[in-house]
1. If you take the residues in the stretch 130-143 that are within 17 Å of the chain's Cα centre (by Cα) and more than 15 Å from Leu75 (Cα to Cα), which one is surrounded by the fewest Cβ atoms within 10 Å (Cβ to Cβ)?
2. Would you please list the contacts, defined by Cβ atoms under 7 Å and residues six or more apart or on different chains, that run from a residue in the stretch 95-120 that is at pLDDT 90 or above to a residue that is open to solvent by 70 Å² or more (accessible area, probe 1.4 Å) and among the polar types (S, T, N, Q)?
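The values are calculated or read from the model by the stated rules, or taken from the named source; none is laboratory data. Quantities reported herein were computed from a predicted structural model and do not represent experimental measurements. Because the Cβ atoms are built from the backbone with ideal geometry, glycine has one as well, and the counts that use them run over all protein chains shown. Each accessible area value is taken on the protein alone, full model and side chains, heavy atoms only, with ligands, DNA and RNA left out. Shrake-Rupley method; radii C 1.70, N 1.55, O 1.52, S 1.80 Å.
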Amino acid sequence: MIPFQSLVSHWISLLKSSPTPVGSAGLHRWHLHPSVTSMLESSCKVVKEGLLEKRSDGLLQLWKKKRCLLTEEGLLLIPPKQLEQPQQPQQPGSPTEPARIKELHFSNMKTVDCVERKGKYVYFTVVMAEGREIDFRCPQDEGWNAEITLQMVQYKNRQAILAVKSTRQKQQHLVQQHGHRIRSASNSA
């Protein structure tokens, strides 16, 4: 079995290398959202990969398996069927379908809530910043909810540290400018 990250990297390289525009026949069967591409191409580390079940938004609210890739930036959800498609040759005249990769970036994630253990599953809800709730379940021994929470907290901590550093740099720059103005004013007087 080919590692999931290798497949995604392969898809990205195919998208970039082929002169065929997205949506036409040939190798361009995959259309990755630019934020997904940047998240995968960045130096962010893949923390966990595997299957999660996501409850659909439809009337029946069925549980659908998703291939998941947890990185330091967020969670990518891909229907498992689409992992097999890059290896299948494109039939001439067959419709092209973009990959339905969903990105749950930690910058848009608020919390991981409602952890409940029932039978062999752990049920949890990812609450997005805009208030949308996404329900997941996984076998109890896989610990997806804990790993997602840990990575989200670490991401938010990194962002907070960067914000503090940026504020301090701006303050230091203002102090330096103010000090230069005072020296200039005293020298000209």
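1. Out of the qualifying residues, it is Glu130.
2. Arg117/Gln140; Lys120/Gln140
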